[in-house]
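Peer 1: Can you read through this structure? Questions will come right after.
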Protein chains: 2
Amino acid sequence: MYAARNLTWVNVEKLTEPLCGRFRPGHFRGVTTVCAKLFNIIAADVAYFGQKDAQQSLVIKRMVADLNMPLEIIVCPTVREPDGLAVSSRNQYLTDPQRKDAACIYKSLQKCRQLIDAGATDTQKITNEMLKVINQVSSIEIEYLSIVDAKTLQAVEHITGTILVAIAVRIGTVRLIDNILVDLRK
Amino acid sequence: MYAARNLTWVNVEKLTEPLCGRFRPGHFRGVTTVCAKLFNIIAADVAYFGQKDAQQSLVIKRMVADLNMPLEIIVCPTVREPDGLAVSSRNQYLTDPQRKDAACIYKSLQKCRQLIDAGATDTQKITNEMLKVINQVSSIEIEYLSIVDAKTLQAVEHITGTILVAIAVRIGTVRLIDNILVDLRK
């Protein structure tokens, strides 16, 4: 996709800084640039992204809006395995015990939703309860576990409006991410 | 052209750093971003830029190539007044004496071409001769006077291949730029 002499980058500020942006420097600049190239090459009318990559979807939508790109971005719901693990090409790299452990990622997100449904609004307390779920499994190392505004991706102290609960972990050498959107106005 | 919440910028590296880039921080990032927006909004097939803004033309061409934008960039020759001054909307802001003095910008570029035609290749010596032409006029303050590779815009010590001789000056409050391309292979 890139000429050796490529000098041009599309960068979306702010939205690319938190969450995965903190742990993968330059990652989103690569994603936006290669998507801009691809959209131009195929003259895309519509492009589909997955909600599992929530930050990526938001960044691409912002790029398309900001640069007036003539296509529509549709974000598709996360597809899950029977135990809740988000479907990902990376899941195949998990050993059988790791694969079982990975189910606790979504369990922690379900815990979060239960707490919010029960009236919890303090994100620190909610996060602590989520950590308890994940820490039941020793193979998982948490990269981040954040409750953020769904539009700005900035951390919130108290839950209001629409929030994104996002998590990134490592199990062995495999990096997995997942998230849920919670809309308190519904 | 910009939403208040705009977060996306298109940036062309390296080519935007020398010449006008040194004196106008952020200028080319604004040019590339707003051109990307405009090209998308009107679904441009062709866009015409002027050779007078040589760096801008090169940067836009690079952006279009690097991002696979589906349009053609055509660079049009500089139009000149009878005394050689490059036509620019800014010329109207010159007083009559300043307008007369401004003719020495192109005179210095002509001097450069004469020296090269006569076999000169040392850019420092050529630059010194050009400065003598401009310094005959006290109202002109030089911002830069550079002899660079026409493709990379990097300064060259000895003239070879195709070079860009570029100049930016201030006359009073008016900033004027001009340039010539010299192709030694012709």
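The values are calculated or read from the model by the stated rules, or taken from the named source; none is laboratory data. A quick note: this is a predicted structure, and the numbers were derived from the prediction, not measured. A quick note on method: Cβ atoms are made from the backbone with ideal geometry, for glycine too, and the neighbour counts reach across all protein chains shown. Heavy atoms of the whole protein, side chains included, go into the accessibility calculation; ligands, DNA and RNA do not. Shrake-Rupley method; radii C 1.70, N 1.55, O 1.52, S 1.80 Å.
Peer 1: Taking region B:1-118 on its own, what percent of its Cα-Cα pair distances exceed 21 Å? Spell out each step's value before the answer.
Peer 2: Working: 3606 of 6903 pairs.
Value for region B:1-118 (Cα pairs over 21 Å): 52 percent.
Peer 1: Next up: A:HIS27 accessible area, nearest 10 Å², 1.4 Å probe?
Peer 2: So the heavy atoms of A:HIS27 present about 50 Å² to solvent.
Peer 1: Just B:ALA44, B:ALA168, B:ALA54 to compare: in a GNM of chain B, with alpha carbon springs under 10 Å, which one fluctuates most?
Peer 2: For chain B, modelled as a Gaussian network with Cα springs under 10 Å, the answer is B:ALA44.
Peer 1: On to the next question. How far, in nm, would the chain grow between B:ASP45 and B:TYR2 when pulled straight, counting 0.36 nm per residue and subtracting the alpha carbon separation?
Peer 2: Working: separation 43, 0.36 × 43 = 15.48 nm, distance 2.23 nm.
Additional length available on full extension: 13.2 nm.
Peer 1: How crowded by other chains is B:2-14, given as the mean number of beta carbons from other chains within 10 Å of each beta carbon? List each step's numbers first, then the result.
Peer 2: Numbers: counts 1, 4, 0, 6, 6, 11, 15, 8, 10, 7, 4, 4, 2.
Counting Cβ atoms of other protein chains within 10 Å of each residue's Cβ and averaging gives 6.
Peer 1: In addition: Cα atoms only: what Rg and Dmax, in Å, come out for the protein assembly as shown?
Peer 2: In order Rg, Dmax, the Cα atoms of the protein assembly as shown give 28.0, 87 Å.
Peer 1: GNM, chain A, Cα, under 10 Å: largest mean-square fluctuation among A:ASN128, A:ASN11, A:ASN68?
Peer 2: A:ASN68
Peer 1: Write down Rg/Rh for region B:20-76, rounded to two decimals, with Rg from the C-alpha atoms and Rh from the Kirkwood relation over Cα pairs.
Peer 2: Working: Rg = 11.1 Å, Rh = 11.6 Å.
Ratio of gyration radius to Kirkwood radius for region B:20-76: 0.95.
Peer 1: Compute the orientation-averaged projected area for region B:89-183 from the convex hull of its Cα atoms and round it to one decimal in nm².
Peer 2: Numbers: hull surface 23.6 nm².
If I average the Cα hull's projected area over directions, I get 5.9 nm².
Peer 1: Looking down the axis that turns A into B, which residue of A has the closest beta carbon, and how many Å out?
Peer 2: A:VAL10, 3
Peer 1: While we're here: When only C-alpha pairs under 8 Å and at least 6 residues apart count, what is the relative contact order of chain B, in percent? Intermediate values should be presented prior to the final figure.
Peer 2: Numbers: 262 pairs, mean separation 32.8, N = 186.
Relative contact order of chain B: 18 percent.
Peer 1: Separate question: Mind giving me the nanometre distance, one decimal, between the label points for B:THR173 and A:HIS158, set 7 Å out from Cα along Cα→Cβ?
Peer 2: 5.1
Peer 1: Would you kindly find the accessible area of B:ASP122, with a 1.4 Å probe and non-protein molecules such as ligands, DNA and RNA excluded, rounding to the nearest 10 Å²?
Peer 2: About 50 Å², ignoring ligands and nucleic acids.
Peer 1: Another question, then. Between copies, how far does the label point of B:ALA65 sit from its twins, in nm, shortest first, when each point is 7 Å from Cα along Cα→Cβ?
Peer 2: Copy-to-copy label distances for B:ALA65: 3.4 nm.
Peer 1: On to the next question. Select from B:ALA65, B:ALA86, B:ALA102 the residue whose mean-square fluctuation is largest in a Gaussian network model of chain B (Cα-Cα springs shorter than 10 Å).
Peer 2: It is B:ALA65.
Peer 1: Could you name the lysines in cross-link range of B:LYS107, using Cα to Cα under 18 Å and dropping any fewer than eight places away on the same chain?
Peer 2: Those lysines meeting the cut-off are B:LYS52, B:LYS125, B:LYS132.
Peer 1: Label points 7 Å out from Cα along the Cβ direction at A:GLN110 and B:GLN136: separation in nm?
Peer 2: Going by the 7 Å Cα→Cβ label model, 8.7 nm.
Peer 1: Follow-up question, since we're still on this one. Can you list the distances in nanometres, one decimal and ascending, from the B:ASN91 label point to the identical position in each other copy, with the point 7 Å along Cα to Cβ?
Peer 2: Spacings between copies for this position, smallest first, are 6.9 nm.
Peer 1: Quick one: angle between helix B:96-117 and the longest Cα principal axis of chain B, in degrees between 0 and 90, rounded to 10, please.
Peer 2: 80
Peer 1: Tell me, what is the 1.4 Å probe accessible area of B:ASP83, in Å² to the nearest 10?
Peer 2: Accessible surface of B:ASP83 is approximately 60 Å².
Peer 1: With a point put 7 Å past each Cα toward its Cβ, work out how far A:LYS151 is from A:SER89 in nm, to one decimal.
Peer 2: It is 3.4 nm.
Peer 1: So, counting K/R as plus one and D/E as minus one, what does the shell of residues with Cβ under 10 Å around B:THR152 add up to?
Peer 2: On the way: positive: A:ARG5, B:LYS14, B:LYS151; negative: B:ASP149.
Net charge in that neighbourhood comes out at +2.
Peer 1: Put a point 7 Å out from Cα along the line to Cβ at A:ALA118; what are the distances to that point in the other copies, in nm, shortest first?
Peer 2: Those label-point separations list as 9.1 nm.
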